[in-house]
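Student: First the structure, which I've put down as structure tokens, then a few questions once you've had a look.
Please treat every number below as a calculation from the coordinates, not as lab data. Values in this document were obtained by computation on a predicted structure and should not be read as measured data. Every residue, glycine as well, gets a Cβ built from its backbone with ideal geometry; the counts of neighbours run over all protein chains shown.
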């Protein structure tokens, strides 16, 4: 029987180098891999704890998947990321990023905040109190 084991989004971005810098310097992600190994990257992979993201340059991704040619970078895709010690993480990054929803308690009982990255993607960080 088949079993899905993980999900790692491959996000279309304008500038992989700049986006990698943002995720590493501002959000604390670690660089795992790039293509090519040096210079102007077409693709990069970053992780923070158990969360991984692949970042691929717009032209490169559109060459790979012709079906997405009319689509734009950013927009309607949001990422919902579970966090332990959310207040700690919020304090660490909030002055380095564009916070679009400050830390708050939701009607469904979680503590959350949301940011917009440099490509227009929304990342919502959430913690369920114990």
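Student: Determine, for each peptide in 87-99, 112-124, 55-67, the mean count of other beta carbons within 10 angstrom over its residues, then list the peptides with the highest first.
Tutor: By packing density, highest mean first, the sequence is 112-124, 55-67, 87-99.
Student: Between rounded, prolate and oblate, where does region 74-130 land on the alpha carbon gyration tensor, with a ≥ b ≥ c its root eigenvalues, rounded for a/c under 1.5, else prolate if a/b exceeds b/c? Please list the in-between numbers first.
Tutor: Values: a/c = 2.15, a/b = 1.41, b/c = 1.52.
In terms of gyration-tensor shape, oblate.
Student: Also: When percent of Cα pairs over 17 Å apart is calculated directly from the model, which label among [x] 65; [y] 61; [z] 55 fits?
Tutor: Matching entry in [x] 65; [y] 61; [z] 55: [y].
Student: How would you rank 30, 14, going from fewest to most other Cβ atoms within 10 Å of each one's own Cβ?
Tutor: 30, 14
Student: Moving to a separate point now. What FRET efficiency comes out for residue 25 versus residue 80 if R0 is 25 angstrom and r is the Cβ-Cβ distance? Round to the nearest 0.05.
Tutor: 0.65
Student: Moving on to the next point. Relative contact order, percent, of region 1-67 when contacts are C-alpha pairs under 8 Å separated by at least 6 residues?
Tutor: The value is 35 percent.
Student: With the contact rule set at Cα under 8 Å and sequence spacing of 6 or more, what percent relative contact order holds for the chain?
Tutor: 21 percent
Student: Quick check on the chain: helices-only [θ] at 222 nm, where DSSP H runs of length 4 and up contribute -39,500 (n - 2.57) each and the sum goes over total residues. Nearest 500, please. Mind dumping the intermediate values first?
Tutor: On the way: 3 runs with 25 residues, N = 130.
The helix contribution divided over the chain gives -5500 deg cm²/dmol.
Student: Pick out which of 102, 36, 70 has the largest mean-square fluctuation in a Gaussian network model of the chain, springs linking Cα atoms closer than 10 Å.
Tutor: In the Gaussian network model the winner is 70.
Student: Please say if region 1-67 is rounded, prolate or oblate, where rounded means a/c under 1.5 for a ≥ b ≥ c the square roots of the C-alpha gyration tensor eigenvalues, and otherwise the choice is prolate for a/b larger than b/c and oblate otherwise? Numbers along the way, then the final one.
Tutor: Details: a/c = 2.08, a/b = 1.11, b/c = 1.88.
It comes out oblate by the Cα gyration axes.
Student: Looking at region 1-67 only, what percent of DSSP beta bridges run antiparallel? Nearest 5 please. Kindly include the intermediate steps, with their values, before the conclusion.
Tutor: On the way: 11 of 15 bridges.
Within region 1-67, antiparallel bridges account for around 75 percent of the total.
Student: Give me the percent relative contact order of region 85-130, please, defined on Cα pairs under 8 angstrom at least 6 residues apart.
Tutor: Computed value for region 85-130: 33 percent relative contact order.
Student: Compute the long axis of helix 16-25 from its Cα atoms, compare it with the longest principal axis of the Cα atoms of the chain, and write down the angle in degrees, 0 to 90, nearest 10.
Tutor: 20 degrees
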